[in-house]
Amino acid sequence: MIRLAVLNFAALCFLAWTWWMGYLGFVYSHDISRLSYLITAIFLAVMVGVFAGRTNHLDRYEVWLVTLGLIGNVVGFVLALHHIDMNSLGTAEGVQKVAASLLAGMGVAFCSTLVGAVCALWLNVNAWIVSK
């Protein structure tokens, strides 16, 4: 249990550093689908279970977190491509609108995938520590 506490304290310190540097805020603010919040909520609930001794299905939760991140990736690409109007590409204003739409969609795609992968990795390391 001590190794588990030390590992998670170190991870929380790293998380605090990312927040202080502005990286954490960037990730959550650029995911306009808010799927990253759902992934984080599931991760936190599972982590509470880990410290309460419920570790039976950690591998299943890892898969769910990655899958939700990948769903966010697909949602991001759909959002990026949904508002593209090929007829508007003839004007500078139209190109700017298409670029803004693409950037918003890519924010969802990459940020939700990042959150899902990091949470799954963190959970995987916790599962490894618990199994020892």
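The numbers here are math on the coordinates, done by the rules we state, and not lab data. Note that the structure is a prediction, hence the values are computed from the model and not measured. Using ideal geometry, Cβ is built from the backbone for each residue, glycine included, and neighbour counts are taken over all protein chains shown.
Structure notes:
- Phe77 vs. criteria over 25 Å from Val130 (Cβ atoms) and of a type in the set (Phe, Trp, Tyr): yes
- Residue check for Thr91: of a type in the set (Val, Ile, Thr), farther than 19 Å from Ala11 by Cα and in contact (Cβ under 8 Å) with a residue 40 or more places away in the chain: no
- Spans of helices (runs of 4 or more DSSP H) in the stretch 26-132 with at least 3 residues among the aromatic types (Phe, Trp, Tyr) and surrounded by 14 or more Cβ atoms within 10 Å (Cβ to Cβ): 58-82
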